[in-house]
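Q: Here it is: the structure, laid out below.
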Amino acid sequence: MFSFDVTLIVQMIHFFLAWWFIDRFLFKKLVHEIHQEDSFTKGLERKLHDETAILTSADQHKKAEWAQFKELYKQTIPVSNPPYTSTQDIHFRALVDISPEEKELLRNEISAELVRRVVND
């Protein structure tokens with residue numbers, strides 16, 4: 001049968017004192033540290049989200065600026081459509097064998113091709 005003696009009461013007192021001591025000096029501090037670490041982590045995640053939004057906004061602004069630059073470039077520089085479609089179709093001779101008029105013509109063709117490639121990017 002169950003006997004109710006002094007050792008049971010002493011064990012109960014010891015258990016409740018240990019529980020109070022652990023709760024008072026250990027668990028509350030641990031819970032406080034866990035909450036601080038949690039709030040720090042959430043703060044870092046919030047900052048990361050904000051920085052990502054700023055970076056995305058800057059990237060969109062950069063793309064818009066580039067599109068605006070290309071549009072202004074198209075409006076400013078007239079595009080001529082040369083009969084060739086790539087620079088591989090242009091056959092270069094040694095520049096010493098070319099007259100000044102031919103050099104100028106070659107420069108114009110190359111610049112027109114470069115303009116066409118930038119515009120049709």
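Q: Ser39 is checked against (1) farther than 30 Å from Asn120 by Cβ; (2) among the small types (Gly, Ala, Ser); (3) modelled with pLDDT under 90 and fails just one. What number does that condition carry?
A: So the condition that Ser39 fails would be (3).
Q: Exactly one of these conditions fails for Val96: (1) among the β-branched types (Val, Ile, Thr); (2) loosely packed, with under 10 Cβ neighbours inside 10 Å; (3) at pLDDT 90 or above. Give me its number.
A: (3)
Q: For Phe69, are the conditions met, namely being at pLDDT below 95, of a type in the set (Phe, Trp, Tyr) and either in contact with a Ser or Thr (Cβ under 7 Å, 6 or more places away or on another chain) or assigned to a helix (DSSP H, G or I) (or both)?
A: Answer is yes for this residue.
Q: What number goes with the only condition from (1) modelled with pLDDT under 85; (2) surrounded by 10 or more Cβ atoms within 10 Å (Cβ to Cβ); (3) not basic (Lys, Arg) that Ile110 does not pass?
A: (1)
Q: Might you check whether a residue that is over 30 Å from Asn120 (Cβ atoms), of a type outside the set (A, V, I, L, M, F, W, C), surrounded by 10 or more Cβ atoms within 10 Å (Cβ to Cβ) and without any contact (Cβ under 8 Å) to a residue 40 or more places away in the chain occurs anywhere in region 53-76?
A: Taking region 53-76 first, the residues over 30 Å from Asn120 (Cβ atoms) are 53-54.
Going one step further and asking which of them are of a type outside the set (A, V, I, L, M, F, W, C), we end up with none.
No, every residue in region 53-76 fails to be over 30 Å from Asn120 (Cβ atoms), of a type outside the set (A, V, I, L, M, F, W, C), surrounded by 10 or more Cβ atoms within 10 Å (Cβ to Cβ) and without any contact (Cβ under 8 Å) to a residue 40 or more places away in the chain.
The values are calculated or read from the model by the stated rules, or taken from the named source; none is laboratory data. Since the structure is predicted, the reported quantities are computational estimates derived from the model, not experimental observations. Using ideal geometry, Cβ is built from the backbone for each residue, glycine included, and neighbour counts are taken over all protein chains shown.
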